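Structure first, commentary second.
The values are calculated or read from the model by the stated rules, or taken from the named source; none is laboratory data. Just so we're clear, the structure is a prediction, and the values are computed from it rather than from any experiment. Cβ: placed from backbone, ideal geometry, glycine included. Neighbour counts: every protein chain shown. Heads up: the accessible areas ignore ligands, DNA and RNA and are worked out on the full protein's heavy atoms, side chains in. Shrake-Rupley method; radii C 1.70, N 1.55, O 1.52, S 1.80 Å.
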Amino acid sequence: MNSIVSIRDVVKEYELGTTVVQALRGVSLEVMKGEFLSIAGPSGSGKTTLLNLIGCVDTATRGVVEVAGKDTAKLTERELTDLRLNTIGFIFQSFNLVAVLNVFQNVEFPLLLQRKLGSKERRDRVMNLLEQVGLHTHAKHRPSELSGGQRQRVAVARALVTDPLLVLADEPTANLDSATGNQIIDLMKELNQKKGTTFIFSTHDHKVMQHANAVIRLADGKVLARESAKDAVAHALSLGEAPAEAPAGARV
Amino acid sequence: MTIFDPMLWLIAVRSLFQHRIRTSLLGAAIAVVTALLVSLAGIYVGMKTTLLVSATTLMSGHVNVAGFYKSTASSSAPVVTQYQKLREIVQRDVKDLDYVVQRGRGWAKLISDTGSMQVGIGGIDIVNEPGFVKVVQLKEGSLEGLKQPDGLLLFEEQAKKLDVKVGDKLTFSAPTFKGTNNTIDVTVVAIAANIGMLSSWNTYMSDTGLRQLYQLNDETTGALQIYIKDISKVRAVQESLRKAFAAEGFELMDTDPRPFFSKFDGVNRESWTGQKLDITNWEDETSFVQWFVTILTVAATTVIFVLTVIIGVGIMNVMWISIRERTREIGTLRAVGMQRRSVLAMFVTEGFLLGLMGTTVGVAIGGLASFLLNNAAIKLPKGAQLVLMSEKLIVAPTAGWVVFAVIFITSVITLISLIPSFLAARLKPISAMSHVG
């Protein structure tokens, strides 16, 4: 397998007034094409920051971030935008759909930005994806007319519509109930297996984590381990982290 | 994604529709300003048109060949000699000529049984004055009477002051250009509706009658009034005539853009004697009333400017609010691959659409208001009548002004929306996506 993401000694610092906060402290990471990788860790561990750097929506303070063989620090704003458009798909925790566009138009939007396909090809591809995510009958609906799970499925379709090499999902199930969350993860997994698309998703939910091929465990801005999903879940449970859907009293 | 992309327009339309109260308020404000601009333009055009038609028919041609004859250095008469020859040159050299008429000019005391007044006299050859017949609206009598040497046309106001009606006899008394005094009896053959300032001080009689009063020969008249088919060529015609007359040996006065009656003092101070020609245009001859048009133009422009600034500030604020509300959306769109210029285009499209919708409604309102004002035939105050040469308010917005209003206001709004749009486009995806609010 080839590497699609290569991160070396990456440091990310934020300035909060006079204080400098280190969100990532020398992170190194290789992600291979076709992986279904989870980034796990508690809140504040640096999961979102890491995804943002890989997604080229933020830049590292120090270190090297290479995506699809390109050193993102050396790219112009325009080139970074093109890289995001053509190589990366995003799935956000809060879905982030365009409220004034319907389901079809939301999914079609990245294709319009790419300007590579004609209208019929665009339509076919969008409808095909909507069928895969089970929303082809909702193509004309606005996001406000959909449930949380349906919205996230639209977001998945939007992320995949350009056939990206890499899909980044920041806690894609955080705003969903566990059944719907599982459906989304199953959908992502299915698309990963069918198309070979690389998925990197952050989560602190064991049930979500267990679907991954591998888990990167982060804490305090550092990679603690790269391990199998089974080991990562076991480790998390040994630390007393309850599954996300469990009531507070069920913590062990 | 460019400004022509349907998706940008769709987002813009739906965003405007989603905030329909805000859009309606702002659109209404734009519509009001546009309607005001269209209506004011209509009043301006109406005034200009009325002034042009009235003045160029009753007191001036599009271009005038007039001048002064001085028998001594200190006395001048506003006449041109050899006018037949001058007319031939005009007919030969003016390519765009519609028609040319000769007018006598005079200033005399008009005496009735009950009163008298100083009036200007236009000596006209009614048979060859097609425009005059169209402009003058008769209240009483007939213009046919002006074919008679003693026929006189008065305006309502003058007839009222002199207490005369059609058929009554009056007397003109005036110093001739030879220095003696002369009187002739005239008969009121027609009374016309007032035409602004002209109604106060100008009368018309037959050219023959005027010659008798001033004892002029057949080769002398007050001015040749030249009407051309394309009024925009006035200055070119003036220049070509100056050259043509100079080539034929006529003396010419320097170009002086004032009406002929303002030039007496200056001419009388000059040492020359004999005939000098003065080539003027209709704007020169009506410059004494043009100040009113200028003032109205300045006032209207100021009002429009102030309103546009107010609307502009409103637009900018609304765009700020819209961008604040949609910061996360901007971040998302940037994250999924929308370039900065497309974000800029998206918001500019919104500003443009808002402007276009507002101005379109405004044009419709302005057009309707103009139509209603015209139909209402609102009588102008006396002062306004004097300078506008019209009793009623005429509002006549042209297609050109309507297009200008739409393009100008839409452009201003689009340009104003560029500032917040530019700042929206500069937002970093990560900052925009993490925006709270």
**Fill in**
Taking the range B:132-150 and keeping only residues that are under 15 Å from B:A192 (Cα atoms) and touching a Ser or Thr at 6+ places or on another chain (Cβ under 7 Å), one is left with B:F132, B:V135, B:L146
**Message:** Condition first: crowded, with 16+ Cβ neighbours inside 10 Å, away from chain A (no Cβ under 14 Å) and under 26 Å from B:L25 (Cβ atoms). Can you find one or more residues in the range B:376-388 that meet it?
**Reply:** no
**Request:** Scan the range B:171-189 and give yes if some residue there is over 30 Å from B:K70 (Cα atoms) and assigned to a loop (DSSP other than H, G, I, E, B), otherwise no.
**Result:** no
**Number of the condition not met by A:N102 [criteria: (1) away from chain B (no Cβ under 13 Å); (2) under 17 Å from B:T332 (Cα atoms)]** = (1)
**Asked** Is it the case that the range A:101-119 has a residue that's small (G, A, S), open to solvent by less than 60 Å² (accessible area, probe 1.4 Å) and under 26 Å from A:M209 (Cβ atoms)?
**Response** no
**Prompt:** What helices (runs of 4 or more DSSP H) completely inside the range A:36-118 contain at least 1 residues that are farther than 23 Å from A:L24 by Cα?
**Reply:** A:77-87, A:103-114
**Fill in**
Condition set at pLDDT 90 or above and of a type outside the set (S, T, Y), scope the range B:188-206, selection surrounded by the most Cβ atoms within 10 Å (Cβ to Cβ): answer is B:M205
**Message:** Can you tell me which residue is modelled with the lowest pLDDT among those in the range B:117-142 that are in a helix (DSSP H, G or I) and within 19 Å of B:R211 (Cα to Cα)?
**Reply:** B:N128
**Message:** Give all pairs with beta carbons closer than 9 Å in which a residue from the range A:107-122 that is facing chain B (nearest Cβ under 10 Å) and under 16 Å from B:E329 (Cβ atoms) meets a residue that is open to solvent by less than 20 Å² (accessible area, probe 1.4 Å) and basic (K, R); count only pairs at least 6 apart in sequence or on separate chains.
**Reply:** A:F109/A:R158; A:P110/A:R158
**Message:** Can you tell me which residue is most open to solvent (accessible area, probe 1.4 Å) among those in the range B:315-342 that are among the β-branched types (V, I, T) and more than 10 Å from chain A (Cβ to nearest Cβ)?
**Reply:** B:I321
**Asked** Restricting attention to the range B:21-44, does a residue exist that is open to solvent by 10 Å² or more (accessible area, probe 1.4 Å), outside any helix (DSSP H, G or I) and within 14 Å of chain A (Cβ to nearest Cβ)?
**Response** no
